[in-house]
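Below: one structure, written as structure tokens.
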Amino acid sequence: MPAQTLYDKIWNAHVVSAQQNGLDLIYVDRHLVHEVSSPQAFDGLRAAGRVVRRPDCTLATVDHNVPCVNFILHQLIERPPRLGGKAAIKDPESRAQCAALEKNVKEFGLSYFGLEDKRQGIVHVIGPEQGFTLPGTTLVCGDSHTSTHGAFGALAFGIGTSEVEHVLATQTILQKKSKNMRINIEGALPPGVTPKDIILHIIGRISASGGNGCVIEYAGSVVRALSMEARMSVCNMSIEAGARAGMIAPDEGEDWDKAEAYWRTLHSDVDAKFDVEVEIEVADIAPCVTWGTSPQDVVPITGTVPDPAGFSNLDRRRAAERALEYMGLVPGTSMTDIKVDNVFIGSCTNGRIEDLRAAADVVRAAGVEAKVAPGVRAMVVPGSSRVKRQAEAEGLDAVFRRAGFEWREAGCSMCVGMNEDQLAAGKRCASTSNRNFEGRQGAGGRTHLMSPAMAAAAAMRGTLADVRQFQQKSSQPTIGLDSAPPVQQPAAIPLDSVADVIIPTAGIQPAVKEEASLADLPNKVFRVLKGIAAPMYIENMDTDMIIPKQFLKTIVRTGLACGLFYNFRNDVNTGQPARDFILDQPPYDKAVIIVSTGKNFGCGSSREHAAWSLDDFGIRCVIAPSFGEIFRNNCFQNCMLPIELSVEECRELARDAEAGIELVVDLEREEITRAGRETAPIRFKNGLVQARVFIGWVRRYWCDDARWRGYRYF
Ligand SMILES: CC(C)[C@H](C(=O)O)[C@@H](O)C(=O)O
Ligand code: SF4
């Protein structure tokens, strides 16, 4: 048997059947479900008359839409219909989305941590907390930060809503295997440098598209010494590095005796080959902050706002100019001179107990009398109800409250602003979350990403601040390392209905038969597409830009064209149409193709709403140098073809698009030509595979084996 990586081993153990088009049907051990990406999936099941195949391996919770204000206040508010108790959801759309999940879990018989459940919390905090996440398993969720669970040596990745439906129905998923990338992290961690600084530094180094097409394994002595919380923070932001997933080989486990033999095999073999290897020396890292609107826009806190003129890549320079304008910053400003209005400590990256302890340490180090700086609104939002209770048992809430922080209920909160916790336009937030995208925490809001300790320092100082100045005053140990003092965790609440045994699935190879011929393909699948192409020049066009969060509250797939590129097409303050965006100007208002010269189109969130809104506008094909992986899959699911070309080829096509020349995408000839021009056609990179995948994706697949009944339908 050739040497294998950790990723290879888990993948190979879960292949149900290898398809001819380069895709594998993978068995899914665990499926986490939340209210935003699931309503349309359950509707699909109902329409097809199907049940959930493994309710015992499916766990649902509400997190994005839940109010995080103190529930004592809530008890005074009228209990809304069907969602009584701890948190009253005032916004009707948020309430409808949570109510839809509540109805669906009842109808389909799923385990559910609802609003009143002591185990409720952010989906990526509760999975590990409840022992639902296990080494060697495959775990998926309709959420991009599913990469978090890779910290346990699981293969965990985010999927779109159509894929959620497929997993619910079949407990399998059709995927293309990624490349192997290893990031070796070595050296002695300097004071004040936390796991968040390590991952921000890595993204700054390899870029937000550096992990495109790869699963990253984090390795090296620094990683081995990290606590589980710290590993989760690192794996969580693999998606911000453009990777499909992040993983760390497991080394210890409470259920060791049950699964020891299998778990011990979960490491990359010594001579395993990686497609990409990166070396990181942590001694050189300082506490980091972001200055722009991509997680790759990172500088040490001792640095200054960079000058876009310093970027040699044109798309990067454009993105930096746009980012500085959005962020209201001028090149050369010291990072520590930047004033903040808000501080947010929470999210699936940094809402765990260890994060809250680290932030509280800084607040304590500031002195018993010290308060949050005047004019700053600072809030702490635990990642789960259990984290909240643990923090209260340790007295952390008192430390925060005394200093003037708001102490909140568990949920996603201001990480995404789908509840009422939103950053106002023009306000600046020091945030422990993972995305500093335009409008991420609120339309027009400005986000700087950093560690919990740095965010606490910013709250106390009122500007971005170097946490080391606080830590010198105290003798707190560096956080995130296993050397931190062990703290008694309350006993896990048993999760009765969830199976607790991993079942490696190797060796089960059900026959797969193709049911439909090409003639049965939906009309939307084109053979030749001719039409106007809209050029776009933004690197890392994230799905928050393609469709912002307020449009994610829908429970249907249609009518989303109005949300497409909303913040580009409308004045964020007045909501009035701006009419200067390319898709609002003739002839591009009839565009059927988008040509992006910038890499990593559709990065970030797994929201299939991005594909639905493009579809609703009439876009059938997106051409770019690379794509966010989940977006790419979501395109296929909606019969929209993503084509990867070189940056030069994308620029060439963008020039033609700019001149209003129609493009012709010919799927069977696997080439793109310019209507009425003699220029040489541009071949699709891996054209044959691309085209076949596109056509193949929408065929019906049935697994004959009654044990699996893997089923792909459209
Ligand atoms: C709502 C969900 C689909 C989304 C994601 O996939 O990441 C959200 O969690 C986010 O962080 O933007
Ligand atoms: S990134 Fe933010 S919104 Fe998304 S799951 Fe994590 S906490 Fe929730």
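Site pair A309 and D91 shows an inter-label distance of 4.2 nm when each label is modelled 7 Å from Cα along Cα→Cβ.
Taken about its Cα centre, the stretch 519-683 carries a charge dipole of about 360 debye when Lys and Arg each add +1 at the Cβ and Asp and Glu each add -1 at the Cβ.
For the stretch 519-683, with all protein chains in place and a probe radius of 1.4 Å, 48% of the accessible heavy-atom surface sits on carbon or sulfur.
Look at the dipole of the stretch 519-683 built from charges on Cβ: of Q550, F617, G598, the Cα furthest out on the positive end belongs to Q550.
Relative to its residue count, the stretch 283-429 spans a Cα convex hull of 137 Å³ per residue.
The packing ranking, built from the mean of other Cβ atoms within 10 Å per residue, places the peptides 551-560, 295-304 in the order 295-304, 551-560, highest first. On the basis of the beta-carbon distance and an R0 of 45 Å, R655 and N12 show a calculated FRET efficiency of 0.50. Among residues other than D143 with Cβ under 12 Å from its Cβ, the summed charge is -3 (Lys and Arg +1, Asp and Glu -1). List the aspartates and glutamates whose Cα lies under 12 Å from the Cα of K103, skipping any in the same chain that are fewer than 8 positions away. Candidates past the 8-residue exclusion: E35, D43. Our estimate of slack between E260 and R401, defined as 0.36 nm per intervening residue step minus the Cα-Cα distance, is 46.4 nm.
Which residues does the label zone of D56 cover in the stretch 1-38, counting backbone N under 18 Å from a point 7 Å along Cα→Cβ? Those under the cut-off are 27-32. Using the Cβ-Cβ distance between S221 and K530 with R0 set to 60 Å, the FRET efficiency from 1/(1 + (r/R0)^6) comes to roughly 0.60. DSSP beta bridges fully contained in the stretch 519-683 are about 45 percent antiparallel. Summing charges over all other residues whose Cβ lies under 11 Å from the Cβ of C603, with Lys and Arg as +1 and Asp and Glu as -1, gives -2.
Which pairs in the list K339/K427; K179/K273; K118/K196 are over 20 Å apart, alpha-carbon to alpha-carbon? Correct reply: K118/K196.
Gain on full extension, evaluated as 0.36 nm per residue between A47 and T333 minus their Cα-Cα distance, stands at 97.3 nm. Our estimate of slack between E277 and E369, defined as 0.36 nm per intervening residue step minus the Cα-Cα distance, is 28.3 nm.
Once the Cβ-Cβ distance of K179 and Q576 is raised to the sixth power relative to R0 = 51 Å, the FRET efficiency obtained is 0.65. Backbone phi angles across the stretch 114-131, fed through the Karplus curve with coefficients 6.51, -1.76 and 1.60 (θ = phi - 60°), yield HN-Hα couplings of x, 4, 9, 7, 5, 9, 5, x, 5, 3, 8, 9, 6, x, x, 4, 9, x Hz in residue order; Gly and Pro are listed as x.
Can you work out D for the stretch 519-683 in µm² s⁻¹ from Stokes-Einstein, where Rh is the Kirkwood radius over C-alpha pairs, the temperature is 37 °C and the viscosity is 0.692 mPa s? In µm²/s, the coefficient rounds to 205. Once both labels are positioned 7 Å from their Cα atoms along Cα-to-Cβ, the gap between M228 and D284 label points is 3.4 nm.
The values are calculated or read from the model by the stated rules, or taken from the named source; none is laboratory data. Treat the numbers as computed from the prediction; the structure is a model and nothing was measured. Cβ coordinates were reconstructed from backbone atoms using ideal geometry, including for glycine residues, and neighbour counts include every protein chain displayed. Side chains are part of the model used for accessible areas, which takes the heavy atoms of the whole protein and leaves out ligands, DNA and RNA. Shrake-Rupley method; radii C 1.70, N 1.55, O 1.52, S 1.80 Å.
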